[in-house]
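Right, one structure below, let's go through it.
Read the figures in this text as sums done on the coordinates, not as results from a lab. This is a predicted model, so every value here is computed, not measured. Cβ: placed from backbone, ideal geometry, glycine included. Neighbour counts: every protein chain shown.
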Amino acid sequence: MRIATITFQQNATSQMNNLSADLAKTQNDLATGTRLHSAADDPSAMSQVNALNVQMSASTQYVTNGNYATSTLSLEEQAMSDATNTLQSARDLAVEANNPALSASQRSDIAAQLQQQLQDLISIGNRVDGSGNQIFAGTASNTVPFSQSGTTVSYLGADKTSQIQIGPNQRISSGDTGAAVFMNIPAGNGTFTTSGAAANTGTGSIGVGTVSNAAAWVPDTYTIAFTSPTNYTVTNSTGTVVSTVTNFKDGDAISFNGVQIPMTGTPAAGDTFTVAKAGNASAFSTLQSIITTLNDPTLSSAQISSKIGGSLQQIDNAISNMSSVSASVGARINSITSSQGAAQALQTNLTTAVSQLSDTDYAAAITKLNTEEVSLQAAQESYASISQLSLFKYLQ
C-alpha cells in the first residue's frame, strides 16, 4: 500500500502533537499536584469532586455562621452579667433604704444612686456588637431597643430573633429580645401581687406572699379591708366575702384561697390592701418604682416597707429571669461548639476524599512522564529518519 508523503507527514505530526500534549499534561499534573484540571480529565471523578466541594462549602459556611453566633451570644452573655450586677447593686441600695430610721434626705440620696443604676441598666440594654447592631433589638438590629420618656422605659425592638443555621438540619437563635430579658418579667411571686392603699394610716406592712395550695387559688383581685386593728374581711372583685378574721395580731399571715401573705405592724381601721393576679413588670419599672417611693415624703414607714418589699421581690425575679436566659445562651454556645467540631471533622473527611480523587499519584506520574518522554523522542527520531527516505527534498 502506498502512503503519500503528505499523509505521512500529517500522521507523524499528529502523533507527535498527541505525545507532546500527553507529556505536557503529565508535567502539569506533577507541577500542580492535581490530576483533574477539567471534566475531560476524568468526568466521573470530577463529578464526585464537585459534589464534595459543595458539601465542603456548606460546612465551611456553618462554621462561619457559628463563629458569628458565638460572638454575638458572648456579648449578650456579658451584657446580662453586667445587668445582673447592676440589679444586685440596686437591690443592696433598696435594702439599705428600707430602714425607718433614715431621714427623707437620706432616702433621696439613695434614690439618686438608684437613678444612676437605672441609666446604667438602660445603657446595657442598648449595647451594640462590633458591627453596630443592637444586641437586644431582635431582628430590628438597627433600632435602639429601649427608650426612656419621663419615668417610663419602652421597648421598641422586634419580638423575634435571627435564626442562624449552624448545621444541615440545625438552626439556633443568635440572641434574645430585650422584651424577653428586661421587660416580660413575672410580677410579685409569679402568681399574685400585693400592695397597700396610699391612704392607709396604720403601721401594717404587707409582704409578697406564697401559694400554699395551688388547687384552692382562684385568680382574681381581692381586697383586704381592716375594720379594726384586729378585724378584717377579704372580698373578691364582685364584693363577695371570701374570708373574715376577728383575732388578727402583728406577725400573723393573712390566709385565704390557698395563699399565705405575711403582715407585720398594726393596721388601722379603714386600711386596705390588695391582692391581684400577677402580670409582668420590667426591670426598669421596678427600679423606677423604688426611686419614686424613696422620693415621696408623704409615705409612712409601713407604706415604704411594703412597696420596697415588693420591689425587692421583683428585682429577684429580674435576676432569676436573666439567669435563665444566660443558661439558655450558654447551652446555645455549647451547641455551636459541638456543631463546629462535627463540621470540622466532616471537612477533614471531605478533604481526604477530594485528595484521593484529584491529587496526583507522583510515583505513577513520574513513571508515565518517563515513558512519554521516551515515546516522544522515539517518534521524533523516527520521523527524522523516515523523512530522509523521501524524494520531496529533491523536488525544488
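Here, segment 192-278 yields an orientationally averaged convex hull projection of 4.9 nm² when only Cα atoms define the hull. Under the convention that each Lys and Arg Cβ holds +1 and each Asp and Glu Cβ holds -1, the size of the dipole of segment 167-317 around its Cα centre is about 200 debye.
Sorting the segments 91-103, 280-292 by their mean number of nearby beta carbons within 10 angstrom, highest to lowest, gives 280-292, 91-103.
Of P219, Q134, P168, which is farthest on the positive side of the dipole of segment 125-275, counting Cα position, with +1 on Lys and Arg Cβ, -1 on Asp and Glu Cβ, and the Cα centre as origin? Towards the positive end, the residue furthest out is P168.
Local charge for Q88 was computed over the other residues whose Cβ lies under 15 Å away, with Lys and Arg +1 and Asp and Glu -1, and equals -4. Of the peptides 204-213, 344-353, the ranking by mean beta-carbon count within 10 Å, highest at the top, reads 204-213, 344-353. Listed peptides 172-180, 187-195 appear in the order 172-180, 187-195 once ranked by packing, highest mean of other Cβ atoms within 10 Å at the front. With q set to 0.11, 0.13, 0.22 Å⁻¹, the log10 of I(q)/I(0) for segment 57-201, from the Debye formula over equal scatterers at the Cα positions, is -0.56, -0.73, -1.37.
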